[in-house]
Amino acid sequence: MSFRIIVLAKQVPDTRNVGKDAMKADGTVNRAALPAIFNPEDLNALELALRIKDQRKDCEVIILTMGPFRAAEIIREAMYRGADRGYLITDRKFAGSDTLATSYAISLAVRKLEPYHLVISGRQAIDGDTAQVGPQTAEKLSLPQITYAEEITEVSEKHIVVKRRLERGIEVVKSPLPAAVTVHSSAPACRQRVAKLLMKYKHARTVTELQNETKDYTELYDQRPYLQIDEWTVDDLHADVTMLGLSGSPTKVKKIENVVFAHKDSKVLSASDEDINNLMKDLIDSHVIG
């Protein structure tokens, strides 16, 4: 059996360009109003998986993502960088899922990919910043989990050694396999696309994408089955629909506010004792310090 790594990735709206139409009335993100990107910390996770693949000839890296049909874009992006294949979990019944419903669906998909050695993902997605999906998925799969990973220093058939980046230092931990790992943004940035892989996988498509193509690729896909990106629906996962979507999501958004950081007046201070003393007094009076 190959050393199988499942990378959980997400296509997210670019929250660096949030405007007035970024949220819907029901409290969900209006994804159509924002450009979609590969979640940054999931790219860090992909890089750690690819580094293991660099060391082990028997390693297989699989991308698993949940989202609308266009989320297949990040599967191709991962394949251009070194991933072997990918799966898209997509169904209208998943719409509006919070972290609990999302982790439920992902855990079912991971079980379909058994046996595996490692499930790895970014610490959090920039469209929610909850950092809950990775740990919740690990809990549903009954896997030991390591969070805030910065580097994987040792991998064998039975265990993994990981360096964690914590608030006040670092920690090195050892875990049996299979295990789940969430990756901190301080981990190495993901490698760039490889031209050879770009040419190999540029025609990789899901079934839905192929149906929308104007050109017939039937012969090409018969010759190159690795170009097929599998789609999994609720029925494929044998999921309980009451645990999915808005109905299966206990998290409810009560209120949304747009917060705009405005520039305040600045003060120019000299190095004199008087100016420094005045600054300290102002900071104490405003409870910034003290």
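Listing for the model above:
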read-out	value
Gaussian network model of the chain, springs between alpha carbon atoms under 10 Å - residue of Ala95, Ala83, Ala45 with greatest fluctuation	Ala95
Helix-derived mean residue ellipticity, 222 nm - over the chain, DSSP H n ≥ 4, -39500 (n - 2.57), to 500	-8000 deg cm²/dmol
Carbon plus sulfur fraction of accessible area for the chain, probe 1.4 Å, in percent	51 percent
Segments 49-59, 273-283 sorted - mean Cβ within 10 Å per residue, highest first	49-59, 273-283
Beta bridges per DSSP with both ends in the chain, % antiparallel, nearest 5	35 percent
Long pairs among Lys174/Lys196; Lys254/Lys281; Lys163/Lys254; Lys10/Lys140, criterion Cα-Cα beyond 29 Å	Lys174/Lys196; Lys254/Lys281; Lys163/Lys254
Chain lengthening between Glu171 and Leu279 when straightened (0.36 nm per residue, less Cα-Cα)	35.1 nm
Angle between the chain longest axis and helix 40-55 axis [Cα atoms, degrees, rounded to 10]	50 degrees
Relative contact order %, the chain, counting alpha carbon pairs below 8 Å whose residues are six or more apart	22 percent
Enclosed volume per residue, in Å³, of the convex hull spanned by Cα atoms of the chain	201 Å³
Accessible area (Å², per residue) of the chain, counting only protein heavy atoms and a probe of 1.4 Å	58 Å²
Within the range 89-201, percent of DSSP bridges classed antiparallel, to nearest 5	60 percent
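The values are calculated or read from the model by the stated rules, or taken from the named source; none is laboratory data. If you're wondering where the values come from, they're calculated on a predicted model, not measured in any experiment. As a convention, Cβ positions derive from the backbone with ideal geometry for all residues, glycine included, and neighbour counts pool all protein chains shown. These area figures cover heavy atoms from the full protein model, side chains too; ligands, DNA and RNA do not enter into them. Shrake-Rupley method; radii C 1.70, N 1.55, O 1.52, S 1.80 Å.
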